[in-house]
Amino acid sequence: MKRDANWIAEATGGRVVQDAPGEFTRAVIDSREAGPGTLFVGLPGATADGGAFAPKALENGAWGVMVAEDNATADALSTVHRPLSTGGAVIAVKRPLKALHALARSYRRELKATTIGITGSTGKTSTKDILTALLRPHLKTHSSRENFNTEIGLPLTILEAPNDTEALVLEMAMRGEGQIAELVAIAEPDVGVIVNVGPVHLELLGTVERVAAAKAELIRDLEPGSGCVVPYGDRYLEPHLRGDLERLTFGPGGDVQVTDDGAIELRGERIDLELPYNQPHNLLNTCAAVAAASLIGVHPSGRVDVRFSSLRGEVVELGSGVEVVNDCYNANPMSMRAALDHLAGSPAERRIAILGTMAELGPDAERYHREIGAHARGLGIDVLITVGEAALPYAEAFDGERYPVATPEEAGALLEEIARPGDRVLVKGSRSVGLERVLQPDPAAGVAP
């Protein structure tokens, strides 16, 4: 296939304003990332119209731009330094975001790569990373980078896949109803994986049942005969299961589960895997990934070289002999419990938890935070540091050594004061808290904790 201007216009229903030789290899929405081989897509935003940056993208060397009609005129695309006549390809479309979706869908169909969509309340990124590692020794596999899991990130992921890709592993995120359905319509997955359903996005959806229904749009919109991977015995997903899908379950009692000695078993058959981790939640994620691989005919074995996405359980060794688990990309009651469980089970002189708020939990947010504080108390966590006012309820149910601070930087400074050699520290909270700054240098001090 040749991804040139005419192909773009045909796939999107747009028109070629100006042609250019060659084709694009990936799409970008930031003009600063534009360069040779890129197609800049000018998306309208809440505060600015991305299409207005098309001239800058062309100046930066973009192969071409796809913009709304108003941004595709000679006047709109000309600059002092670069008249339109010397620019790259220009394709005008009615609605750039919908055109991006259509372009990705068309490319996915032409690739004919087996496609797996993964969603869940927690653990979907790690499951995506694990599944990618399981598939790569067997198939040319392309997967979502970092958090490229939205109505913008997912089509960009598809469009940057090499044309010899055999398997696409796509993470699918949502905050409300209809969003998973939108992603399924773009990706048209052959297998859908729901890692779990829990109390997330409650601010918008209200109940876990509605969260399950929104996640289950992935199940609902699969073609008959497709594959489906779900947790065994999940009561929230039970009403959404379909009899015309090939289904595998995972978790205790499921088709794929962890044995007493920590191995993975598929319908009674031991899967010989060398895993570089032993956290219970990631072993469960591995079960989901093995189930998905099995549904597309891949039977993984041997060493699993996983490259986990950033800020998800990264272990950082501080110079003072303190080990920090940097798991601050996101947090909800399910992932918080799992992270605390792993902290409690890890060898250490003391166990310190630096916790930020769990966002989007709705009117019961304080209760959920208190329950996590009580869980930490029950596990025997030695020290609790809460970051921000909304995180104070953690401490209300925790009767050990505790310190409330206002900012991540204060938490970092406090950690430097109280940490001792042999301590193990968990840093976890919702992305909005910015807990990655706990381990960043204080500009005023000029040193890292």
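Of all residues being within 18 Å of Glu146 (Cβ to Cβ) and of a type in the set (Ser, Thr, Tyr) in segment 277-319, which is surrounded by the most Cβ atoms within 10 Å (Cβ to Cβ)? Just the residue, please.
Ser309
Can you tell me which residue is farthest from Leu439 (Cα to Cα) among those in segment 345-368 that are of a type in the set (Gly, Ala, Ser) and surrounded by fewer than 18 Cβ atoms within 10 Å (Cβ to Cβ)?
Gly362
Do we have any residue at all in segment 142-160 that's surrounded by fewer than 24 Cβ atoms within 10 Å (Cβ to Cβ), at pLDDT below 95 and touching a strand residue (DSSP E or B) at 6+ places or on another chain (Cβ under 6 Å)?
The answer is yes; a qualifying residue exists.
Say whether the condition of being surrounded by 15 or more Cβ atoms within 10 Å (Cβ to Cβ), touching a Ser or Thr at 6+ places or on another chain (Cβ under 7 Å), of a type in the set (A, V, I, L, M, F, W, C) and not assigned by TED's automatic domain parsing to the domain that holds Ile152 is met by at least one residue in segment 31-38.
no
Test Leu318 against the criterion of being at pLDDT below 85 and either of a type outside the set (Val, Ile, Thr) or in the same structural domain as Ile116 (by TED's automatic domain parsing) (or both), and give yes or no.
It is true that Leu318 is at pLDDT below 85 and either of a type outside the set (Val, Ile, Thr) or in the same structural domain as Ile116 (by TED's automatic domain parsing) (or both).
For segment 301-413, please list each of the helices (runs of 4 or more DSSP H) lying entirely inside it that holds at least 2 residues being within 22 Å of the chain's Cα centre (by Cα).
Correct list: 333-345.
Which one is nearest to Val208 (Cα to Cα), of the residues in segment 322-356 that are touching a strand residue (DSSP E or B) at 6+ places or on another chain (Cβ under 8 Å) and hydroxyl-bearing (Ser, Thr, Tyr)?
Here the residue is Ser335.
I need every pair where a residue in segment 63-92 that is under 16 Å from Pro44 (Cα atoms) and buried (at least 18 other Cβ atoms within 10 Å of the Cβ) has its Cβ under 6 Å from the Cβ of a residue that is modelled with pLDDT of 90 or more and charged (D, E, K, R), sequence separation at least 6 or different chains.
Filtered contacts from segment 63-92: Ala92/Arg15; Ala92/Glu69.
Has segment 275-283 got any residue that is at pLDDT below 95, assigned to a helix (DSSP H, G or I), in contact with a strand residue (DSSP E or B) (Cβ under 8 Å, 6 or more places away or on another chain) and closer than 25 Å to Pro189 by Cα?
Taking every residue of segment 275-283 in turn, at least one turns out to be at pLDDT below 95, assigned to a helix (DSSP H, G or I), in contact with a strand residue (DSSP E or B) (Cβ under 8 Å, 6 or more places away or on another chain) and closer than 25 Å to Pro189 by Cα.
Determine, yes or no, whether Ser226 is of a type in the set (Ser, Thr, Tyr), in contact with a Pro (Cβ under 8 Å, 6 or more places away or on another chain) and without any contact (Cβ under 8 Å) to a residue 60 or more places away in the chain. Even if it seems obvious, please write down each step before you answer.
Details: of a type in the set (Ser, Thr, Tyr): yes; in contact with a Pro (Cβ under 8 Å, 6 or more places away or on another chain): yes; without any contact (Cβ under 8 Å) to a residue 60 or more places away in the chain: yes.
Against the criterion (of a type in the set (Ser, Thr, Tyr), in contact with a Pro (Cβ under 8 Å, 6 or more places away or on another chain) and without any contact (Cβ under 8 Å) to a residue 60 or more places away in the chain), Ser226 qualifies.
Considering only segment 229-272, state which residues are aliphatic (A, V, I, L, M) and either outside any strand (DSSP E or B) or surrounded by fewer than 17 Cβ atoms within 10 Å (Cβ to Cβ) (or both).
Scanning segment 229-272 gives Leu237, Leu241, Leu245, Ala263.
Name the residues in segment 286-321 that are of a type outside the set (S, T, N, Q) and out of contact with any strand residue (DSSP E or B) (no Cβ under 7 Å at 6 or more places or on another chain), would you?
Listed by number, the residues that qualify are Ala289, Ala293, Gly297, Val298, His299, Asp305, Val306, Arg307, Phe308, Arg312, Gly319, Gly321.
The values are calculated or read from the model by the stated rules, or taken from the named source; none is laboratory data. None of the values given here were measured: they were computed from a predicted structure. With ideal geometry, Cβ positions are generated from the backbone for all residues, glycine too; neighbour counts draw on all protein chains shown.
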